[in-house]
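Engineer: My structure is below; once you've seen it, I'll send some questions.
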Amino acid sequence: MEPISPTTEKILTAIEQKQVTPRPKWYFALRNSILWIPGVITTVLGGYTIAGIIYGILHNPWLPLAPQQSHPMAFAAAVPVLWVVSFGLFSAITISLLRKMHRGYRHTALQLLLVSVACSVIIGILFYALTQDSLDNQVNTYYRYPTQHQRDYF
Amino acid sequence: MSSTFNHLSDEALVIECKKDQQYFAELVERYVPKLTHYIRRRSAATSDDIDDLLQNIFIKVYRNINEYDTRLLFSSWIYRIAHNEMIDWYRREKRRATLSFDDDAHDIMSKLFTEEDHITRFSNEEQKAAMVQLLNKLDDKYKEILLLRFFEEKSYEEIADILRIPPGTVAVRINRAKKQLQKKLPKHGTN
């Protein structure tokens, strides 16, 4: 065996003296799953907010009363702001989690946003299709009454 | 020791070192000179500081060896650890990243600029000092990226893995850093 340099020797001695041992594989698997779990939860919650947005737009009781339905403001007034804000919040959390995941940093914020939105939209459509009745109970309470902004417009 | 393991790649050594520490010794032997250069160029650290930094880096490497993903280059992973260790060190010592170079002025210039950039080449020690001063006036994020690209000779992909940023951002930062430097440097015929 060939001799090793004094620096290498010093480093190996320090490792031995400090009794450093490699952390087990499961430690890293657990740490990664800690990132995955909230990522999945926020994506699902994002999907739920998308279902709320779809519901808010399709079941808006005063949209047909709009004076000029083709006007973009009529659509804007019908957008359920609270759901959109919640969706933005969950998407932002998902993006920051994706960044920390394996190779997530290699993608731009826009790419991650698109992935997060696409996942949430797919989940949201499924949610909407599967739980329309339950959404009826939860969302209708809020949408039965127009907001001040909507009242002013319509 | 090196010749015994010459045929093995870094990634193969990582797999083997989980069973036999001899292989880890070889990894240390391979990376001590590279990381010593990197630390010296990134900081005004003393030899004792460098020894401490190297020790901390390799302890972290050994402790986290099971985290290493063989789909990445080992060199990117170890440079990532070194990069983080340097940041911690700056914080502990309350210092700012300061580049220092043993290479002569001409080397620094030829690494950063091509003939097409029309930058006047520096040759004497005074001009070299001025060049290093200019480099040190850049933001830390630009200094780091120039160091990795032109002095550690890392690819964009490797730099992306070391700094954990998208490869596109690496390209943008290198361009911006070079433009900032170009503005401050004398062009042909103006010096």
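Engineer: In whole percent, how big is the carbon plus sulfur part of the accessible area of region B:1-106, probe 1.4 Å, protein atoms only?
Structural biologist: The value for region B:1-106 is 46 percent carbon and sulfur by accessible area.
Engineer: Interface B/A, total buried accessible area with a 1.4 Å probe, nearest 100 Å²?
Structural biologist: Roughly 2800 Å² of accessible surface disappears when B and A pair.
Engineer: Also: Near B:Arg149, within a Cβ-to-Cβ distance under 13 Å, what is the net charge of the other residues, with Lys and Arg +1 and Asp and Glu -1?
Structural biologist: +3
Engineer: Still on this structure, please answer the following. Sort A:Trp26, B:Trp89 by accessible area with a 1.4 Å probe, largest first.
Structural biologist: Result, largest first: A:Trp26, B:Trp89.
Engineer: Here are some pairs, B:Lys128/B:Lys184; B:Lys60/B:Lys154; A:Lys10/B:Lys154; A:Lys25/B:Lys60; B:Lys143/B:Lys184; A:Lys100/B:Lys19; which of them have Cα atoms lying more than 18 Å apart in this structure?
Structural biologist: Listed pairs above 18 Å: B:Lys60/B:Lys154; A:Lys10/B:Lys154; A:Lys100/B:Lys19.
Engineer: Determine the order of B:Lys18, B:Lys179 by accessible area, beginning with the largest, at a probe radius of 1.4 Å.
Structural biologist: Working: B:Lys18 90, B:Lys179 125 Å².
Putting B:Lys18, B:Lys179 in descending order of accessible area: B:Lys179, B:Lys18.
Engineer: Using the Cβ atoms and a cut-off under 10 Å, what net charge is assigned to the surroundings of B:Ser75, where Lys and Arg are +1 and Asp and Glu are -1?
Structural biologist: -1
Engineer: Which translational diffusion coefficient, to the nearest whole µm²/s, is obtained for region B:2-93 from the Stokes-Einstein equation, given a Kirkwood hydrodynamic radius over C-alpha pairs, 4 °C and 1.567 mPa s?
Structural biologist: Using the Kirkwood radius from Cα pairs, D works out to 95 µm²/s.
The values are calculated or read from the model by the stated rules, or taken from the named source; none is laboratory data. Predicted model, so just to flag it, every value in this text is computed and none were measured. Every residue, glycine among them, receives a Cβ derived from its backbone with ideal geometry; neighbour counts consider all protein chains shown. Calculation scope for accessible area: heavy atoms of the full protein, side chains included, ligands and nucleic acids excluded. Shrake-Rupley method; radii C 1.70, N 1.55, O 1.52, S 1.80 Å.
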